[in-house]
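Q: Take this structure first; my questions come after.
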Amino acid sequence: MNHNIGRFIAKKRKELGLTQQKLAEKLNVSFQAVSKWENGTSIPDTLLLTQLACVLKTSVDTLVGYKVAPVTEYEKKYNGQDYYWGITPNRLCYEVMKLKPPVKPYRVLDIGCGEGKDAVFLAKNGYIVSAFDAAKKGLEKARELAQLHHVDVNFYQANINEYELVDDYDIIYSSGVFHYLTQNKRKQFVQSLKEHTTANGIHALNVFVEKPFIEAAPDREEAEQMNEPWYSGELMGYYHDWVFYEYVEEIFDCSSGGIPHKHCMDRMIAEKFLG
Ligand SMILES: C[S@@+](CC[C@H](N)C(=O)[O-])C[C@H]1O[C@@H](n2cnc3c(N)ncnc32)[C@H](O)[C@@H]1O
């Protein structure tokens with residue numbers, strides 16, 4: 001029997017605060033089945049693996065112990081002692097707070113949280129935050145930052161291109177990450193984010209867009225080069241049925257990688273307006 005998968009299921013289940021009974025209900029199996037997986041006397045049916053990975057917020061590869069190469073070069077960038085992106089929250093966080101002040105425990109999902117500066121800031125301000133990133137090292141530092149600030153954030157590793165939402169959120173937040181979404185996944189992914197947003201919930205997102213007069217950043221990653229660039233207004237097009245609070249396109253200077261260059265970015269805040 002494969003004992004590793006059982007241990008992994010138990011670990012992830014506990015991280016997500018699920019009992020064996022709760023996990024069993026989500027998968028439509030008995031809690032005895034979950035118990036047997038976890039103590040290594042049986043393994044889940046292959047037909048259940050996708051759903052199980054989804055509920056445990058991981059990938060089937062990770063579930064069955066297949067080691068994948070890091071999907072992001074940030075793994076290396078986050079290796080230093082310092083916080084690569086600093087620890088000052090992005091101004092988009094303040095805009096979220098203005099629109100949806102934490103008068104009740106709103107649930108936030110931070111997609112591509114990096115080293116966790118925004119997720120931790122929002123948690124400190126009373127939001128219930130889940131956050132994922134592909135970079136393990138970033139998540140380690142994010143957990144340290146959360147500990148330092150005495151807040152709980154549900155940080156986990158996931159790849160935006162394989163991610164399937166299970167829970168609903170009041171606020172979906174993402175900064176500097178959507179350009180990693182491959183073009184064939186964009187529409188479906190955004191649709192799923194919208195479906196997993198509560199009534200009057202908001203999305204606060206930004207994405208780098210291509211401009212013919214701006215040269216590619218010198219430190220552009222391989223993963224970015226392989227992806228089709230986003231064009232101006234593309235993000236807006238996915239939200240034609242939502243109310244916009246902001247849709248701005250900005251060109252700004254950047255010196256990441258040590259060489260000054262420019263970026264163009266679309267930033268939006270929109271609401272799932274249901275009256
Ligand atoms: C520009 S950083 C932004 C980090 C963070 N949102 C912030 O503003 O500090 C981009 C992040 O996307 C993550 N990333 C890259 N490819 C990814 C993928 N396929 N799935 C999930 N995250 C990914 C990187 O690890 C990195 O942390």
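The values are calculated or read from the model by the stated rules, or taken from the named source; none is laboratory data. The structure presented is a predicted model; accordingly, all values stated were derived computationally and were not measured. For neighbour counting, all protein chains shown are included, and Cβ atoms are generated from backbone atoms with ideal geometry for every residue, glycine included.
Q: So how many residues does the stretch 248-275 have that are touching a residue at least 40 places away in the same chain (Cβ under 8 Å) and assigned to a helix (DSSP H, G or I)?
A: Narrowing the stretch 248-275 to residues touching a residue at least 40 places away in the same chain (Cβ under 8 Å): 249, 251, 257, 259, 261-274.
Checking which are assigned to a helix (DSSP H, G or I) leaves us with 257.
Total satisfying the criteria: 1.
Q: Then there's this: Tally up the residues in the stretch 29-69 that are of a type in the set (Val, Ile, Thr) and either on the phi > 0 side of the Ramachandran plot or free of Cβ contacts under 8 Å to residues at least 40 places away in the same chain (or both), please. Let's see the steps before the verdict.
A: Just the residues of the stretch 29-69 that are of a type in the set (Val, Ile, Thr), to begin with: 29, 34, 41, 43, 46, 50, 55, 58, 60, 62, 64, 68.
The next check asks that each one be either on the phi > 0 side of the Ramachandran plot or free of Cβ contacts under 8 Å to residues at least 40 places away in the same chain (or both); those that pass are 29, 34, 46, 50, 60, 68.
Counting residues in the stretch 29-69 that are of a type in the set (Val, Ile, Thr) and either on the phi > 0 side of the Ramachandran plot or free of Cβ contacts under 8 Å to residues at least 40 places away in the same chain (or both) gives 6.
Q: Okay, moving on. Does GLU195 satisfy the criteria of being surrounded by fewer than 16 Cβ atoms within 10 Å (Cβ to Cβ) and farther than 19 Å from LEU109 by Cα? Give the derivation first.
A: On the way: surrounded by fewer than 16 Cβ atoms within 10 Å (Cβ to Cβ): yes; farther than 19 Å from LEU109 by Cα: no.
Criteria not met by GLU195.
Q: Here is a further query. Of the residues that make up the stretch 151-167, is at least one surrounded by fewer than 15 Cβ atoms within 10 Å (Cβ to Cβ) and either under 20 Å from LEU63 (Cα atoms) or within 11 Å of the ligand (Cβ to nearest atom) (or both)?
A: Step one: filter the stretch 151-167 for residues surrounded by fewer than 15 Cβ atoms within 10 Å (Cβ to Cβ), giving 152, 166-167.
Subsequent filtering for residues that are either under 20 Å from LEU63 (Cα atoms) or within 11 Å of the ligand (Cβ to nearest atom) (or both) retains 166-167.
Yes.
Q: If only one of GLU246, GLU250 is touching a helix residue (DSSP H, G or I) at 6+ places or on another chain (Cβ under 8 Å) and charged (D, E, K, R), which one is it? Write out each step before concluding.
A: On the way: GLU250 fails: touching a helix residue (DSSP H, G or I) at 6+ places or on another chain (Cβ under 8 Å).
One residue alone meets the criteria, GLU246.
Q: Give LEU63, LEU47 a once-over and let me know the one that is more than 17 Å from the chain's Cα centre (by Cα), loosely packed, with under 15 Cβ neighbours inside 10 Å, more than 13 Å from the ligand (Cβ to nearest atom) and at pLDDT below 90.
A: Details: LEU63 fails: loosely packed, with under 15 Cβ neighbours inside 10 Å.
Of LEU63, LEU47, the one residue that is more than 17 Å from the chain's Cα centre (by Cα), loosely packed, with under 15 Cβ neighbours inside 10 Å, more than 13 Å from the ligand (Cβ to nearest atom) and at pLDDT below 90 is LEU47.
Q: Condition first: hydrophobic (A, V, I, L, M, F, W, C) and farther than 23 Å from LYS137 by Cβ. Now tell me which residues in the stretch 153-184 satisfy that. Step through it out loud before you land on a result.
A: The first filter runs over the stretch 153-184 and keeps only residues hydrophobic (A, V, I, L, M, F, W, C), leaving 153, 155, 158, 160, 165-166, 171-172, 177-178, 181.
Within the stretch 153-184, LEU165, VAL166, ILE171, ILE172 meet the criteria.
Q: So how many residues does the stretch 164-181 have that are part of a loop (DSSP other than H, G, I, E, B), closer than 14 Å to GLY112 by Cβ and among the β-branched types (Val, Ile, Thr)? Steps first, please.
A: Applying the first criterion (part of a loop (DSSP other than H, G, I, E, B)) to the stretch 164-181 yields 164-168, 175-177, 181.
Okay, now just the ones that are also closer than 14 Å to GLY112 by Cβ, so 175-177, 181.
Applying the additional criterion that residues be among the β-branched types (Val, Ile, Thr) yields 177.
Of the residues in the stretch 164-181, 1 are part of a loop (DSSP other than H, G, I, E, B), closer than 14 Å to GLY112 by Cβ and among the β-branched types (Val, Ile, Thr).
Q: Please tell me if ALA199 is among the aliphatic types (A, V, I, L, M), free of Cβ contacts under 8 Å to residues at least 24 places away in the same chain and over 14 Å from GLY114 (Cβ atoms). Give the derivation first.
A: Working: among the aliphatic types (A, V, I, L, M): yes; free of Cβ contacts under 8 Å to residues at least 24 places away in the same chain: no; over 14 Å from GLY114 (Cβ atoms): yes.
Spelling it out, it is not the case that ALA199 is among the aliphatic types (A, V, I, L, M), free of Cβ contacts under 8 Å to residues at least 24 places away in the same chain and over 14 Å from GLY114 (Cβ atoms).
Q: Tell me the residue from GLU144, GLU95 that is more than 13 Å from the ligand (Cβ to nearest atom), at negative phi, surrounded by fewer than 23 Cβ atoms within 10 Å (Cβ to Cβ) and without any contact (Cβ under 8 Å) to a residue 12 or more places away in the chain, please. Step through it out loud before you land on a result.
A: On the way: GLU95 fails: without any contact (Cβ under 8 Å) to a residue 12 or more places away in the chain.
So the residue among GLU144, GLU95 that is more than 13 Å from the ligand (Cβ to nearest atom), at negative phi, surrounded by fewer than 23 Cβ atoms within 10 Å (Cβ to Cβ) and without any contact (Cβ under 8 Å) to a residue 12 or more places away in the chain is GLU144.
Q: So which of PHE121, PHE155 ends up being aromatic (Phe, Trp, Tyr) and in a helix (DSSP H, G or I)?
A: PHE121
Q: Let me ask something else about it. Select from the stretch 98-131 the residues that are in contact with a Pro (Cβ under 9 Å, 6 or more places away or on another chain) and away from the ligand (no atom under 11 Å from the Cβ) and write down the one among them that is nearest to GLY258 (Cα to Cα). Step through it out loud before you land on a result.
A: Our first condition is that a residue be in contact with a Pro (Cβ under 9 Å, 6 or more places away or on another chain); within the stretch 98-131, this holds for 117-118, 120-122, 125-128.
From the residues that got through so far, the ones that are away from the ligand (no atom under 11 Å from the Cβ) too are 122, 125-128.
Details: LEU122: 30, ASN125: 33, GLY126: 36, TYR127: 35, ILE128: 36 Å.
By that ranking, first place goes to LEU122.
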